[in-house]
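The values are calculated or read from the model by the stated rules, or taken from the named source; none is laboratory data. Because the structure is predicted, anything quoted here is derived from the model rather than measured. Note that we place each Cβ from the backbone using ideal geometry, even for glycine, and neighbour counts take in every protein chain shown. To get the accessible areas, we keep the full protein, side chains included, count just its heavy atoms, and leave off ligands, DNA and RNA. Shrake-Rupley method; radii C 1.70, N 1.55, O 1.52, S 1.80 Å.
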Amino acid sequence: MNSLERVRLSLGTAIKIGLSEGRLDVPPTTAFFMTFHEGKCTANCAFCPQARESTSKSDRLSRIAWPDFPLSEVMNQKQRLRTFQRACLQCLNYPNVDDDAVEIVRQIRQVYDGAISVCIHPVAKASMENMREAGATDIGIALDACTAGLFDKVKGRKRKTRYSWESHMKSLNAALDVFGRGHVTTHLIIGLGETEAEAAKMVLQLYSMDIRVGLFAFTSVEGTSLENEPPPSLSSYRRLQAIRYLASNRLISEDDLRFNPDGRVHLSGSISGIRESLSSGEPFMTSGCPGCNRPYYNERPRGPMYNYPRPLTKEEIQEAIEETKLL
Ligand code: SF4
């Protein structure tokens, strides 16, 4: 099967454009596409159901199902596709996937005039330029791990892949040249073994490079190497959400971070100022490219909610701020 005849969609996206049946508790605001490929990804990320050595179902990414459809049938849903704030193409790693990505972006651009993100592993600068010329406005290159050592352990050398921290950082810098500042995103998964201090410092470093951070809470998926690992503590995740938000709005710098002996992070500065900054609830919503809400990517609808895919209620804001234990 030619990988350009079919494409995967997140189940929520497929339901919203009428290609699958189902009820949407919170509809996706981004149309999530994924390259279709017979067989697994050539990479081997320990947390990912698409990994080379994973025994998970091949239609999974995190805990979400991604059914596949004829690409032409998806493009025929142009009216419904236009109701999304963004489109995002997740790319597996297989030979010539960057060419497939260019073609899929080109087809999306023909029916959709909103923002388009391509979420891909490090590729040549020329391929990034081809994606931009085909219509991509943003790119995501996921570090996933908060430190070089953890990177090696969960998706690099120790996972027998050619991925390296250095090549990912180099590719993020190349992406800044091609797509421009404010149009490059990376993903950080909290709960892979980093300390809060390591995560907080990495978040600030990335924003100082004008790279947006999409925070993910580690989610164990059956059939992956990390299937028995627990999710991160909600309180710890809330603190890092607060720090990501304050960093993204240039309200803090590394000098404002304080660390307990156990690595737990807290902030210098006035309590009222911090409370004020967190009181919109936005810090606790899904982060990354604007318009990306990834509903229930890391949690079940019954909770606990790590990333809220919709605005929080007053009670939820109060609860989330308390959960940070920053005040
Ligand atoms: S943050 Fe969302 S839209 Fe951006 S690359 Fe990641 S998954 Fe795609």
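Can you tell me the accessible area per residue over the chain, all protein chains present, probe 1.4 angstrom, in square angstrom?
Result: 43 Å² of accessible area for each residue.
Once segment 1-57 is represented by equal point scatterers at the alpha-carbon sites, with solvent omitted, what log10 I(q)/I(0) does the Debye formula produce at q = 0.19 Å⁻¹?
These q points yield log10 I(q)/I(0) values of -0.82.
Could you calculate the contour length gain from Ala148 to Glu222, that is, 0.36 nm times the residue separation minus the distance between their Cα atoms, to one decimal place in nm? The partial results should precede the final answer.
On the way: separation 74, 0.36 × 74 = 26.64 nm, distance 2.58 nm.
Net length gain for the segment: 24.1 nm.
At Lys78 and Glu53, where each label point lies 7 Å from the Cα along Cα→Cβ, what is the point-to-point distance in nanometres?
Result: 4.7 nm between the two label points.
For segment 155-230, compute Rg over Rh where Rg is the Cα radius of gyration and Rh is the Kirkwood radius from the inverse mean 1/r over Cα pairs.
Result: Rg/Rh = 1.00.
Whats the longest run of the chain with zero GluC sites (Glu not before Pro) that are DSSP loop and have at most 15 other Cβ atoms within 10 Å?
54-221
Taking the simple approach of a point 7 Å from Cα along Cα-to-Cβ for both Glu322 and Met209, what is their distance in nm?
For the pair Glu322/Met209, the computed spacing is 3.9 nm.
What percentage of the solvent-accessible surface of segment 6-234, computed with a 1.4 Å probe over protein heavy atoms, is contributed by carbon and sulfur atoms?
Values: 4380 of 9200 Å².
Percent of accessible area from carbon and sulfur atoms in segment 6-234: 48.
Charges at C-beta only: +1 for Lys and Arg, -1 for Asp and Glu. How large is the resulting dipole of segment 171-259 about its Cα centre, in Debye rounded to 20?
Here segment 171-259 has a charge dipole of around 380 debye.
Consider a paramagnetic label point 7 Å from the Cα of Lys158 along Cα→Cβ; state which residues of segment 31-66 have an amide N under 16 Å from it.
44-48
To check you understand DSSP bridge types, tell me what percent of the beta bridges within the chain (both residues inside) are antiparallel, rounded to 5. Mind dumping the intermediate values first?
Working: 11 of 34 bridges.
If we restrict to bridges inside the chain, about 30 percent are antiparallel.
Which value, in nm² and rounded to one decimal, describes the direction-averaged projected area of the C-alpha convex hull of segment 43-129?
Values: hull surface 26.0 nm².
Taking a quarter of the hull surface, the average projection is 6.5 nm².
What Kirkwood radius, in Å to one decimal, follows from the Cα pairs of segment 6-234?
On the way: mean 1/r = 0.0556 Å⁻¹.
The Cα-based Kirkwood calculation yields 18.0 Å.
Counting only helical runs of four or more DSSP H residues, what would the 222 nm mean residue ellipticity of the chain come to if each run contributes -39,500 (n - 2.57) and the total is spread over all its residues?
Working: 11 runs with 109 residues, N = 327.
Roughly -10000 deg cm²/dmol at 222 nm, from the helical runs in the chain.
Rg to Rh for segment 82-155: what is it, with Cα atoms only and Rh by Kirkwood?
Radius of gyration relative to Kirkwood radius: 1.03.
Of all chymotrypsin sites (Phe, Trp or Tyr not before Pro) in segment 124-205, which ones are in loop regions per DSSP and have a Cβ with at most 13 other Cβ atoms within 10 Å?
Sparse-neighbourhood loop chymotrypsin sites (Phe, Trp or Tyr not before Pro): none present.
Suppose every Lys and Arg Cβ carries +1 and every Asp and Glu Cβ carries -1, with no other charges. What dipole size does the chain come out with about its Cα centre, to the nearest 20 debye?
Dipole size: approximately 180 debye.
Would you mind classifying segment 221-303 by shape? Square roots of the alpha carbon gyration tensor eigenvalues, ordered a ≥ b ≥ c; an a/c under 1.5 is rounded, otherwise it is prolate if a/b is larger than b/c and oblate if not. Show your work: numbers first, answer last.
On the way: a/c = 2.35, a/b = 1.48, b/c = 1.59.
Oblate, since a/c reaches 1.5 and b/c is not below a/b.
With θ set to phi - 60° and the Karplus curve 6.51 cos²θ - 1.76 cosθ + 1.60, what are the ³J(HN,Hα) couplings of segment 45-51 in order, to the nearest whole Hz, using x for Gly and Pro?
Couplings: 5, 4, 9, 9, x, 8, 4 Hz.
Quick one: if you stick a label point 7 Å off each Cα along the C-beta vector at Lys125 and Arg300, how many nm between them?
Between Lys125 and Arg300, the simple spin-label model gives 4.9 nm.
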